[in-house]
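To start, the structure under review is shown below, and the notes come after it.
The values are calculated or read from the model by the stated rules, or taken from the named source; none is laboratory data. This is a predicted model, so every value here is computed, not measured. In this analysis, Cβ positions are derived from the backbone assuming ideal geometry, glycine residues included, and neighbour counts consider all displayed protein chains. Calculation scope for accessible area: heavy atoms of the full protein, side chains included, ligands and nucleic acids excluded. Shrake-Rupley method; radii C 1.70, N 1.55, O 1.52, S 1.80 Å.
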Amino acid sequence: MQNLLYPQKSNKKYRPEIDGIRAFAVLAVILNHFNKELLPNGYLGVDIFFVISGYVITSSISGKSNKNIKDFLSDFYSRRLKRITPALTIFLIIMAICISAFCSQPSVYLKTALTASFGLSNIYLYQNSTDYFASSTELNPFTQTWSLGIEEQFYFIYPLLSWVSGFSRNTINGSKYFFVILSLLGATSLSFFVYLYNYDQPAAYFLISSRFWEIAAGCLLFLGFKNSNRFKKLITKLPSLLIFSLMSILMILPNISSPIPNITMVFLTVILLISLNKNGVLYKLLTLKWVIFIGIISYPLYLWHWGILSLSKWTVGISNQTLIPIFTLILIISFLSYRFVELPLRSISIKRNLTITLGIGLIFFSAIISFILGRPYLGKLFLGKNEPDINNPESSLNCSSYLKTPRDLIIVGDSHALKLYSVMKECLPENQLKLASIYRTAFPRVNYSNPYLISKIKNNEKNYLLKEKFMKEYNSSEFNNNKKNIIIANRNPIYFYPSSSSDNLLLKSTFWNDNYTEVINKEQVISSWISKLREFAIENPKDNIYILLPPPEVNTKNNPLSICKKEWFRKNIPSFCFKGISMQESQIARKDFHLTLKKEVKEIPNLEIFDTFESFCNKKLSTCKVQTSGKLLYIDSNHLSEEGYRLILGKLFRNLK
């Protein structure tokens, strides 16, 4: 047991109190992740880890004799790979399998795991505009790997800087030059952090450019105070217990959106590491055997606690009844990871080149597993009940309760038309129903010459039709002599009021003028579209034309829909699922468009608007539902599930003339 507690006792550089500080940091992070109200700023434990990492890594290469840069780099990276990769690989593979079993749509999570294999998950999370403090982030079992990405990217820069400065070559002024280089880079990084925090918080949080200064602070601490000096003697007189108390108070204070808590915690950590002395009360507390042990297993604790908490939210939930079992499971698995993965590898002597080769092999192995689960095997490990596929002709929708329209029916529009057709073909005979769907495009199109769509048609002509192909279907012999009901189903009003980069792409793919220049004036776009709509209605006076306005959209970025569905392993649906969508927020995106459309089409006798909004929204509660009795009404942010179509089909059929 002694060897478990003090694996580096023979190392003269080993400071057991640092493991004690690690224990404090990891427990603060875990408490914050269990319940943010318990320790609002507990996430600052990660900042403590960064400082300690910088200090320990600089201490570990200090005074070593290296023959050449190849010898130095092979030693440096073999140690890092041996320390980080095996435990991370096992975590990524096991957690990737688990999330695939309990989440029906784990694609984003598996991409995080894949990028985490290469130490790039922080960049992936930033590119996806991830809000670390959002509830959706807690459902991704790999989110915590962002900090490992920061450290791994630091390790690519750090050894080169130490060699160029002369520090790792033990030159006379090597420490001094290294100190200057890290000070300049650290100051620049800190400036980025402060600036970006107000303008691009995800960048300030996730990117190495704005986190470099924290690890550099630990490096500078070692370089500046490895030898006794007047300033060090002055700081050692400060009561370390007071510094530790200030750090604890900072953890407890309410969370504020400011860089000040991070900067303060880094500063206090640096002061604490200097002020600790073996005769102090805090030193004795931090070097208690159980405290050191928590610090020693802090790496697997940090990895596994988040993954297990995330899986718990996908399954049994986190409550008073599950709290102790979950925490116990975290401790047991973390200990097993340390005891049977990390500890044996420390005692095995392997040649550096072989260590590096095996480490890289493990990286690619875990990445391949994540890729396979996210692509060819996506959804195949899911243990729950999959939503009926509304594109599947064997869909179980019962149409007997719906009236059959005597007229032929043609559905035209974007992917919403395709989804509606997939359901309606269960309710109408094939010779009475036609589909003309144009991918990512509002019907009628202002211009049909978009080269993006032409490439799509070449790939799949079955579902993506241009104007000529649509008119051929529309005027086919079997339909030509009949009066028709035409349903136009588009993802309106998103084409006219884009709210994200993805939505802007929709706008670009929809409205082009004759010179392929994008139409960016909102009023011009709406006016052009309504003009084309009016033309279409006038050209077909015998046909009844219905504009199907889509239901309110769900912000799946905040919370994935699949967690709102009851499963045998998830009996209790999270409370946010019952809150639904804010009716006020949903109205913002559609109000102007709806009013403009009503005003413009009211004088056209064969054109009507069918609004699905009321079927989903309750004016008294000011909310719009996303599930009913544990059954999802959506399959993604804007497309309805089979259950969702049940809410509107009856009313829609009764409105058809």
* Residues that are over 15 Å from residue 252 (Cβ atoms) and assigned to a loop (DSSP other than H, G, I, E, B), drawn from the range 18-67 -> 62, 63, 64, 65, 66, 67
* To do: Can you confirm whether the range 273-293 contains a residue that is open to solvent by less than 20 Å² (accessible area, probe 1.4 Å), assigned to a helix (DSSP H, G or I) and of a type in the set (Gly, Ala, Ser)?
  => yes
* To do: Give 280, 317 a once-over and let me know the one that is of a type outside the set (Phe, Trp, Tyr) and under 29 Å from residue 231 (Cα atoms).
  => 280
* Asked: Is it the case that the range 396-417 has a residue that's at pLDDT below 70, in contact with a Pro (Cβ under 8 Å, 6 or more places away or on another chain) and surrounded by fewer than 17 Cβ atoms within 10 Å (Cβ to Cβ)?
  -> yes
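Yes/no per residue for (1) part of a loop (DSSP other than H, G, I, E, B); (2) at pLDDT 75 or above; (3) closer than 28 Å to residue 528 by Cβ:
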residue: 591; (1), (2), (3): no, no, yes
residue: 597; (1), (2), (3): no, yes, yes
residue: 621; (1), (2), (3): yes, no, no
residue: 647; (1), (2), (3): no, yes, no
residue: 650; (1), (2), (3): no, yes, no
residue: 654; (1), (2), (3): no, yes, no
* To do: Could you give me the residue pairs with C-beta distances under 6 Å whose first residue belongs to the range 136-164 and is over 25 Å from residue 102 (Cβ atoms), whose second residue is among the β-branched types (Val, Ile, Thr) and modelled with pLDDT of 95 or more wherever it lies, and which are 6+ apart or on separate chains?
  => 150/208; 153/208; 154/215; 161/181
* **Test result for residue 256, among the β-branched types (Val, Ile, Thr), free of Cβ contacts under 8 Å to residues at least 40 places away in the same chain, outside any helix (DSSP H, G or I) and open to solvent by 70 Å² or more (accessible area, probe 1.4 Å)** => yes
* Within the range 247-277, can you find the residues that are closer than 22 Å to residue 225 by Cα and of a type in the set (A, V, I, L, M)? -> 247, 263, 265, 266, 268, 270, 271, 272, 273, 274, 276
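The rows are residues; the columns are (1) open to solvent by less than 30 Å² (accessible area, probe 1.4 Å); (2) of a type in the set (Phe, Trp, Tyr); (3) over 28 Å from residue 567 (Cα atoms); (4) part of a helix (DSSP H, G or I).
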| position | (1), (2), (3), (4) |
| --- | --- |
| 143 | yes, no, no, no |
| 155 | yes, yes, yes, yes |
| 182 | yes, no, yes, yes |
| 189 | yes, no, yes, yes |
| 196 | no, no, yes, yes |
* Which one is most open to solvent (accessible area, probe 1.4 Å), of the residues in the range 307-337 that are assigned to a helix (DSSP H, G or I) and farther than 21 Å from residue 96 by Cβ? -> 324
